[in-house]
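One structure below.
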Amino acid sequence: MWRGLWTLAAQAARGPRRLCTRRNSGAPVPGSGATIFALSSGQGRCGVAVIRTSGPASGHALRILTAPRDLPPARHASLRLLSDPRSGEPLDRALVLWFPGPKSFTGEDCVEFHVHGGPAVVSGVLRALGSVPGLRPAEAGEFTRRAFAHGKLNLTEVEGLADLIHAETEAQRRQALRQLDGELGHLCRGWAETLTKALAHVEAYIDFGEDDNLEEGVLEQANIEVRALEVALGAHLRDARRGQRLRSGAHVVVTGPPNAGKSSLVNLLSRKPVSIVSPEPGTTRDVLETPVDLAGFPVLLSDTAGLREGVGPVEQEGVRRARERLEQADLILAMLDASDLASPSSCNFLATVVASAGAQSRSSSSQRLLLVLNKSDLLSTEGPGPGPDMPPHLLLSCVTGEGLDGLLEALKMELAAVCGDPSTGPPLLTRARHQHHLQGCLDALGHYKQSKDLALAAEALRVARGHLTRLTGGGGTEEILDIIFRDFCVGK
Amino acid sequence: MFSFRGCGGRVAASFTKRHFPLPRLGSDSAEPRTPHFDVIVIGGGHAGTEAATAAARCGSRTLLLTHRVDTIGQMSCNPSFGGIGKGHLMREVDALDGLCSRICDQSGVHYKVLNRCKGPAVWGLRAQIDRKLYKQNMQKEILSTPLLTVQEGAVEDLILTEPEPEHTGKCRVSGVILVDGSTVYSESVILTTGTFLRGMIVIGLEMHPAGRLGDQPSIGLAQTLEKLGFVVGRLKTGTPPRIAKDSINFSILNKQTPDNPSLPFSFMNETVWIKPEDQLPCYLTHTNPRVDEIVLKNLHLNSHVKETIRGPRYCPSIESKVLRFPNRQHQVWLEPEGMDSDLIYPQGLSMTLPAELQEKMITCIRGLEKAKVIQPGYGVQYDYLDPRQITPSLETHLVQRLFFAGQINGTTGYEEAAAQGVIAGINASLRVNRKPPFVVSRTEGYIGVLIDDLTTLGTSEPYRMFTSRVEFRLSLRPDNADSRLTLRGYKEAGCVSQQRYERACWMKSSLEEGISVLKSIEFSSSKWKNLIPEASISTSRSLPVRALDVLKYEEVDVDSLAKAVPEPLKKYTKCRELAERLKIEATYESVLFHQLQEIKEVQRDEALQLPKDLDYLTVRDVSLSHEVREKLHFSRPQTIGAASRIPGVTPAAIINLLRFVKTTQQRQAAMNESPKTDQYLRDTDRLQERELQ
């Protein structure tokens, strides 16, 4: 809930506020809301990437990145050298556009940076923006929300806007889930837990310290934990190599009942034996991922365990992981055995996974699904094919390769849609977001140490926790109260 | 309207059992057969008294109905007011010209500010109160309030009529039916029944129906509410035994003395009624393993503890403390009940053991070896109504013009009740006058946090105010409650006296002027160091330093600053309160500047109103999951901001809602049709305007 990102960067912000006295100079106006930024063009192999900001500090950010030049004329494309405000290092020669509000996409002051699409440039500019006081990465749907709030989208005329919104927010939700996977996610959760506990103890000391008897040394213990956290975060931020391995590209997950031929398809698409293939159901038990290039799009292809109930603990864990991975998918390749469509496992799969993705895709275009009926070679030429009730599907034989061209063609269309979605730019944005919030957290912890006033100190911890929970989710007041009542005997 | 002021004594004196001044006289000569009021308040506790007087201050002819007049202003539980978070609420109640703070300034016997060393944002104003004095002063105030009539009587049922078509709700309340069958009509009704809805008192294994020891519960009313479709829950609370003062050996206990000087609760008072040296001390003692033993051995005799309906997370009684945190010493504060009271209230010893065991347990405690229990502790179980069924103005969704305030909404504590009482009283009155509701936002006050938490999240344990619940804690301080609420209360609600309003305006403008003067004075850090040698100003900074930044140092106050720079700062030392408040503003200045940004973001979402009559379950033009629809349907959030705080309502759902509202607005503006729409649009526009100012 505590949104304050730069709440405590007081000293830093006072400088620019004083410098810019001219009207519409782009200096942040007190109390007019934070300024947000995001990569808003497609990622992948595009020549130009567009990064957008919205909010009162937009003009200020533009001036800082294009220093020593002044703001360009409004709504005119101008060529500018962008450089990192901290190091002065040049980032890119880019086209910039300055849209003073209210004549802009969101109705607020906006800036567009059209930069060369390479990952290094894009992440460099995102990092530079993140370092400008008053700027923070946009949250799910925030640009759209601001545009609505300022009456900027003529909604009745834009068809399919609900889909777009859903796609934006859902894609970001999936991305957040991915972030939580892996080592960095694990670290962040641990830090957030420590910090939440330390904050809860400080809050308890404020709310109950004098009336109820808390144990001695509550505050001292919190101080020790905060100091340790500061050291850990500092070390992590200094060590650039410990960044998460970037899993770039669209996430395509192959799923289906056991023995439908999922692993065969993965091997076929990646042109190498990634997964062990056997006629035995339940051969694949873990999630196997492999980066591939499909029809020119970077794709992370995941093979998963066949979905079924009531098997051994190892396979059950595999099924759990498969479902988890399914949640994160941009595109689902749902596979069924064409010769086994009447079996309970096939019907169940159709009724659950396929139907629910189908229902979703009507209201949102975000999570896409292709239904593939494998083993078409086993269907007799005259015999009964898939019934008329079967949803739209593709026929394929992993053995003969028949139907592969059709599948690749369909994949190409789906991937074009997925990769054209501006918000599925995981690696760059993820990294910028992480950096921004971890640095913000570390800065706030520094303020905790300095504050003699306990209310101010607690505020610093609240801000620090706010940064971490932006990455991990959660973060409400109830969590704090749960810890207070769990750890201390307080009450009437 | 005629005024009672000045003849308060006569009203009080002539007041007996069935006092019934007919309020509706006016110009129409036809005398009404049954009495008719603007606002009826049921219940004379802390919510009821504030609600009744607030409605009357707003100009409504108000009737306060209570079981017994002599229990008006009764402090049924602890003999104290305020504390951390609760003191904040009292300052806000006072800022809206409520009663409890002023009455505490006239009735306290031990004033002490908690958290003195932790920063002024979390100071907790607190006082031990003389129960008898409080009640006397409260009754005097109530009986002399213009436009307010008091009547004894138990309410059995509500009079319900057809709903007003331009509002939601399935019917409308238009009065009450008393137990004796008589009726009283009114334009709106406020229920502040506390623990009286199907109240049960529990001591040991005994249980008997009562709202408070010796008082009858309200059963008919509870049934009516249930029949209307209100979702009812059950909560429990408790109170400790009372001990004879002369049976306690204070000489071996830790003594706590009051503050010197005492800090008054009310903005209107410079001092309290009693000198620090005349105030009474409190004493501290602790439980020991023998207490644990008695609790554990006798659990089978303790039905209140056994029947955990759904126990709160905190420890409401000594039994739960022992069960949850075994082998520990627990604090027991021995608090005076009044100047000439023979009783001591052992705070921390709330219990429901059988009466004879209570004395046995108490005599195990140091200093209480010979203690006599005069009244045993007891537990209370009572009905509350899920507060997600009311709006932020405390009106129910189901019944138009019916308001709930206090424990009925699942809160605990006098201050929480008083805070809701003021808001309910103001809104019941505004509703009668067809004015827009008076809602305090989370960004404006603890009252706002309290009501927003209740109405959007509900509660499953008695809700108590903590400062940790408040996001903007550094902005919502006890010192500045008047700047936050008094001006609004005067202009929008009309519940604030002229005198208070003028004082708050003066203070606000003096503060603003003072801060800008302090910002304008700039010297080099070395010059400051010379001027105020005792301050630990670092001279390494080359930029000029503002006087406001110097005032941030712990060891600097306005006095020392004015000594260094007499012109123009001397004048700010003349008013103590102003000088202290300037110091506090300086302490938090840098953080407040940035907190303002977040506050604006929240306010922006709160200015986006959702249509009140939106049927979330069936509306088709908005894409929402079934789960989200159910949640929105039950809580009926009034703004996008409130909707986004409901757990499980996703960002996607919020944007879809926002889109729906905006398209509806556009379409309706284009067609410019029904009056209901106009009303809604005007409300929204008004809010947006306010935001811009």
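Observations
- Scanning segment A:461-488 for residues that are of a type in the set (Val, Ile, Thr) and farther than 19 Å from residue A:218 by Cα, we see that the one that is nearest to the chain's Cα centre (by Cα) is A:472.
- Pair list, Cβ under 9 Å, 6 or more apart: segment B:322-333 residue more than 9 Å from chain A (Cβ to nearest Cβ) and within 15 Å of residue B:293 (Cβ to Cβ), other residue surrounded by 20 or more Cβ atoms within 10 Å (Cβ to Cβ) and charged (D, E, K, R): B:322/B:292; B:326/B:292; B:327/B:292
- The C-beta contact set for segment B:639-652 (first residue more than 9 Å from chain A (Cβ to nearest Cβ), second residue in a strand (DSSP E or B), distance under 7 angstrom, 6+ apart or interchain) comprises B:639/B:609.
- Selection status of residue B:247, hydroxyl-bearing (Ser, Thr, Tyr) and not assigned by the TED database to the domain that holds residue B:400: yes
- Number of residues in segment B:543-564 that are under 39 Å from the mean Cα position of the chain (by Cα), surrounded by 16 or more Cβ atoms within 10 Å (Cβ to Cβ) and not in a helix (DSSP H, G or I) equals 5.
- Residues of segment A:198-233 that are modelled with pLDDT under 90, under 20 Å from residue B:124 (Cα atoms) and of a type outside the set (A, V, I, L, M, F, W, C): A:209, A:210, A:211, A:212, A:213.
- Test: residue in segment B:264-272 that is under 26 Å from the mean Cα position of the chain (by Cα), among the aromatic types (Phe, Trp, Tyr) and closer than 30 Å to residue B:498 by Cβ: yes
- Here is the figure for segment B:565-585: residues that are in a loop (DSSP other than H, G, I, E, B) and touching a Ser or Thr at 6+ places or on another chain (Cβ under 9 Å) total 1.
- Residue among B:213, B:253 that is surrounded by fewer than 22 Cβ atoms within 10 Å (Cβ to Cβ), of a type outside the set (Gly, Ala, Ser), closer than 30 Å to residue B:325 by Cβ and not assigned by the TED database to the domain that holds residue B:319: B:213
- Segment B:551-574 residues that are touching a residue at least 12 places away in the same chain (Cβ under 8 Å) and among the charged types (D, E, K, R), paired with ones that are in a loop (DSSP other than H, G, I, E, B) and surrounded by 15 or more Cβ atoms within 10 Å (Cβ to Cβ) (beta carbon under 7 Å, 6 or more apart): B:555/B:535
Yes/no matrix, rows are residues, columns are (1) aromatic (Phe, Trp, Tyr); (2) within 9 Å of chain B (Cβ to nearest Cβ); (3) part of a helix (DSSP H, G or I):
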| position | (1), (2), (3) |
| --- | --- |
| A:435 | no, no, yes |
| A:438 | no, no, yes |
| A:446 | no, no, yes |
| A:458 | no, yes, yes |
| A:461 | no, no, yes |
| A:475 | no, no, no |
| A:478 | no, yes, yes |
| A:482 | no, yes, yes |
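- Index of the failed condition, residue B:601 passing every other in (1) in contact with a helix residue (DSSP H, G or I) (Cβ under 9 Å, 6 or more places away or on another chain); (2) within 11 Å of another protein chain (Cβ to nearest Cβ); (3) not small (Gly, Ala, Ser): (1)
- In summary, helices (runs of 4 or more DSSP H) completely within segment B:586-686 and bearing 2 or more residues that are modelled with pLDDT under 85 and of a type in the set (Gly, Ala, Ser) occur at B:651-671.
- Among the residues of segment B:444-462, those that are at pLDDT 95 or above and not in a helix (DSSP H, G or I) comprise B:444, B:445.
- Index of the failed condition, residue B:223 passing every other in (1) closer than 30 Å to residue B:435 by Cα; (2) free of Cβ contacts under 8 Å to residues at least 24 places away in the same chain; (3) not acidic (Asp, Glu): (1)
- Whichever residue in segment B:333-369 is over 18 Å from residue B:80 (Cβ atoms) and among the hydroxyl-bearing types (Ser, Thr, Tyr) and, among such residues, is surrounded by the most Cβ atoms within 10 Å (Cβ to Cβ): B:352
- Note on segment B:287-316: among residues that are part of a loop (DSSP other than H, G, I, E, B) and at pLDDT 90 or above, the one that is farthest from the chain's Cα centre (by Cα) is B:298.
- Restricting attention to segment A:85-101, the residues that are assigned to a strand (DSSP E or B) and among the basic types (Lys, Arg) total 1.
- Residue A:82 fulfils the conditions (1) at pLDDT 90 or above; (2) in a loop (DSSP other than H, G, I, E, B) except for a single criterion, (2).
The values are calculated or read from the model by the stated rules, or taken from the named source; none is laboratory data. Quick caveat, the model's predicted, so the values are computed rather than measured. When we count neighbours, we look across all protein chains shown, and the Cβ atoms used for this are built from the backbone with ideal geometry, even at glycine.
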